[in-house]
Structures are given as structure tokens and as C-alpha cells.
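Taken together, the values in this text are just the output of simple stated rules run on the coordinates, not laboratory data. Just so it is clear, the model here is predicted, and its values are computed rather than measured. Methodologically, a virtual Cβ is constructed for each residue, glycine included, from the backbone with ideal geometry; neighbour enumeration extends over all protein chains shown.
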Amino acid sequence: MKKAKFIAGLCLIGQSILFFILFLVYWNKSKSLSRTLAVFSAVGGVAGAYLVLNELRNQKISREMEEDFEDYDTDFIDDLEDIFDGDIDCTFGED
């Protein structure tokens with residue numbers, strides 16, 4: 001689902017660019033849909049940019065969380081090796 005949002009965002013950005021080009025083509029014509037095309041261009045561009053930036057931010061957060069987890073896992077194993085470095089004495093003190 002995450003890849004679909006990213007791809008939809010890119011499609012909306014591309015569509016908004018094409019609508020803006022059509023707005024420029026029909027700008028001087030009387031009784032044209034140029035204003036409608038401009039509005040759709042702006043709305044599509046904003047929506048597409050939001051989807052793309054949101055997905056990139058989520059990917060960055062996921063990468064940082066994975067790196068933090070890997071560091072924590074390595075530190076934990078190193079601490080355990082330091083604690084249990086010697087032999088473990090299992091006698092129950094029957095002196």
C-alpha cells in the first residue's frame with residue numbers, strides 16, 4: 001500500500017503539470033476552462049507533493065528505527081558477553 005501512495009503522488013504531480021500547461025494554452029481564449037484547469041493543477045500538485053513527501057518521511061523514520069534497533073541489539077549482546085565472560089559457578093555453597 002505504501003508504494004501505491006508514492007506512485008499515486010507522482011501521478012498527481014505529473015497530472016498537475018499537464019493541467020498547468022493546458023491552462024497556459026487556453027488562458028487567452030474566451031469561455032474556456034482555463035480557471036478550472038488552474039485549480040485542478042494546484043490541487044493535484046499539493047496532494048501529490050503531500051503523498052510523496054509523507055512517504056519519503058516515513059521511509060526515513062523506518063530506516064532510523066532499524067538502525068537504532070541494530071545498535072541496541074549489538075550493545076545488548078556485548079553487555080551479555082561481558083557479564084558472562086568467565087565460568088559460571090553453579091555450586092550451592094556447601095562449605
**Message:** Could you work out how much longer the chain between Ile7 and Arg35 gets when fully extended? Use 0.36 nm per residue separation minus the Cα distance between them, nm to one decimal.
**Reply:** 7.4 nm
**Message:** Quick check on segment 1-60: take the gyration tensor over C-alpha atoms, sort the square-rooted eigenvalues as a ≥ b ≥ c, and tell me if it's rounded (a/c under 1.5), prolate or oblate.
**Reply:** prolate
**Asked** Across segment 37-48, in residue order, what do the Karplus-derived ³J(HN,Hα) couplings come to in whole Hz, using 6.51 cos²θ - 1.76 cosθ + 1.60 with θ = phi - 60° and x for Gly and Pro?
**Response** 5, 5, 5, 5, 5, 5, 5, x, x, 5, 5, x
**Complete:** Given backbone amide H placed at 1.01 Å from N, residues whose amide H is under 5 Å from that of Tyr26, ignoring those fewer than 5 places away on the same chain, are none
**Message:** Run the paramagnetic zone check for Gln59: 7 angstrom along Cα to Cβ, then residues of segment 1-30 with backbone nitrogen under 18 Å.
**Reply:** 1-14
